[in-house]
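Trainee: This is the structure I want to talk about, given as structure tokens.
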Amino acid sequence: MYRYAAAIGVDIARFSLRIAVIKIEGEVLYEESYPLKQKQDRDYMLSKLTEAIQDTRQKVAGEGINPITIGISAKGFVDHQSGIVLGPDQSIKGWTNVPVSRILNKETGLPVFVGNDANLMTIAEQRYGVAKGYKNVVFVALRTGIGGGIIINGKLYRGVNNAGGEIGQMIINFAGGVSDIGIRGSFEHFASASALVRRYLEEKGNDHNGNNNITAKAIFELSYKNDPLAERVVKENAALIGIGVANLITIFAPEIIVLGGGMAEAHDNYLQMIKESAFANSLENCRAEVKIERAHLGSRAALIGAAFYSLTRLAGKTI
């Protein structure tokens, strides 16, 4: 029934709403980005979501495209059955216990389904990306924070209260610092893009040379130019990511671990350092057949995953 159907996928990013119209086969028919102001609240976000969706529908209607459902990719915890964003999303004031599905359905007239962004990225990579054909998959989203998703025997693992898959909060150094949500020594605290920037500035000391606002991407670029400090902190970061990946290998013994997010787009030697650390710190039998690969869908993963998820739910299937 839905073979030729199209859905709208929306990804709520930090400073933009990314939106696309996508067919069930994963083909992207239309894509756009709508900027957001820096200070956001619940009403503003719901208004922008409605505006972006309605604008997209009008634009694709001229091409004879009529999306039949909407999928929303949101940060934080999500009650996916009810379409409620439990939150939080620190960048959106009041973004907790928001019945996004009900509100947007009323505004658009279309069925709306909501999922956690990292889970939807996981689904997209397993359906259309580098993990296609694999039934046991772990996805690690390496970005400002660290998120993730787990597929076991072909099914997304959600855990109790839809709270499973919070890979970034596993503890890799209990003696380490406390994260912004109060967890001591977490993978995210030590190995995220934010952690890379923090370590670079710590090592730089007082001689910041105006680089207090440096980004992880800029640090990677410096490392490509053989900057000694950048090379050192990137190598350290890769080793720490490898430790987290090693834990996942030993616990789940998956067929494939997919590394996504902005950091995963770094040069091949960074990925190689992560693999070396992961394999050196995991059990031999658990790592015997695992592959560690870079995600293929890039920034489109959440959009594609959201659209596919909504079409699947509309067809009455669980995922």
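Trainee: Let me check against my output: what whole-number percent is the relative contact order of the chain, with C-alpha pairs under 8 Å and at least 6 apart?
Mentor: Over the chain, the number comes to 20 percent.
Trainee: Let me ask something else about it. Using only the alpha-carbon atoms, how far is helix 268-280 inclined from the longest principal axis of the chain? Give it as 0 to 90 degrees, nearest 10.
Mentor: Helix 268-280 and the main axis of the chain meet at about 70 degrees.
Trainee: In nm, what is the difference between 0.36 nm times the number of residues separating E202 and I251 and their Cα-Cα distance?
Mentor: 14.4 nm
Trainee: To continue, here is another question. For a protection proxy built on the mean count of beta-carbon atoms within 10 angstrom, sort 252-261, 15-24 highest first, please.
Mentor: 252-261, 15-24
Trainee: Between S16 and S91, what is the spin-label point distance in nm, taking each point 7 Å from the Cα along the Cα→C-beta axis?
Mentor: For S16 paired with S91, the spin-label model returns 1.1 nm.
Trainee: Stretched out fully, how many nm does the piece from I183 to E25 gain, at 0.36 nm a residue minus the Cα gap?
Mentor: The span from I183 to E25 would gain 52.9 nm if fully extended.
Trainee: In a Gaussian network model over the chain where Cα atoms closer than 10 Å are linked, find which of L36, L49, L271 has the largest mean-square fluctuation.
Mentor: Top of the fluctuation ranking is L36.
Trainee: Which FRET efficiency value, to the nearest 0.05, do you get for E221 and Q38 by plugging their Cβ-Cβ distance into 1/(1 + (r/R0)^6) with R0 = 25 Å?
Mentor: Calculated transfer efficiency: 0.50.
Trainee: With axes computed from alpha carbons, what is the tilt in degrees of helix 193-204 against the longest principal axis of the chain, rounded to the nearest 10 within 0 to 90?
Mentor: It is inclined by approximately 30 degrees.
Trainee: Now for a different question. How large is the helix-only mean residue ellipticity at 222 nm for the chain, computed as the sum of -39500 (n - 2.57) over DSSP H runs with n ≥ 4, divided by its residue count, in deg cm²/dmol to the nearest 500?
Mentor: About -12000 deg cm²/dmol.
Trainee: Next up: Any idea how many Lys pairs in the stretch 133-295 come in under 25 angstrom at the alpha carbon, given 8 or more places apart or on separate chains?
Mentor: Lysine pairs meeting both conditions in the stretch 133-295 amount to 15.
Trainee: Summing +1 for each Lys or Arg and -1 for each Asp or Glu, what net charge is found among the other residues whose Cβ lies under 10 Å from the Cβ of A253?
Mentor: Net local charge, A253 excluded: -1.
Trainee: Then there is this: Applying 1/(1 + (r/R0)^6) with R0 = 41 Å to the Cβ-Cβ distance of Q169 and A61, what FRET efficiency is obtained, to the nearest 0.05?
Mentor: It comes out at approximately 0.45.
Trainee: Can you check what the net charge comes to around D11, using other residues whose Cβ is under 14 Å from the Cβ of D11 (Lys, Arg +1; Asp, Glu -1)?
Mentor: Net charge around D11: +2.
Trainee: Give me the Kirkwood hydrodynamic radius of the chain, using the inverse of the mean 1/r over all pairs of distinct Cα atoms, in Å to one decimal.
Mentor: Answer for the chain: a Kirkwood hydrodynamic radius of 20.2 Å.
Trainee: Let me ask you something else. Once the Cα atoms of helix 228-252 and of the chain are each reduced to a long axis, what angle between those two axes, in degrees from 0 to 90 to the nearest 10, is obtained?
Mentor: The angle comes out near 60 degrees.
Trainee: Based on a Kirkwood Rh over C-alpha pairs, give the Stokes-Einstein translational diffusion coefficient of the stretch 133-295 at 4 °C and viscosity 1.567 mPa s in µm²/s.
Mentor: It diffuses with D of about 80 µm²/s by this estimate.
Each reported figure results from applying straightforward, stated rules to the coordinates on display, with no laboratory input. In this text the structure is predicted, and so the values were computed from the model without any measurement. For neighbour counting, all protein chains shown are included, and Cβ atoms are generated from backbone atoms with ideal geometry for every residue, glycine included.
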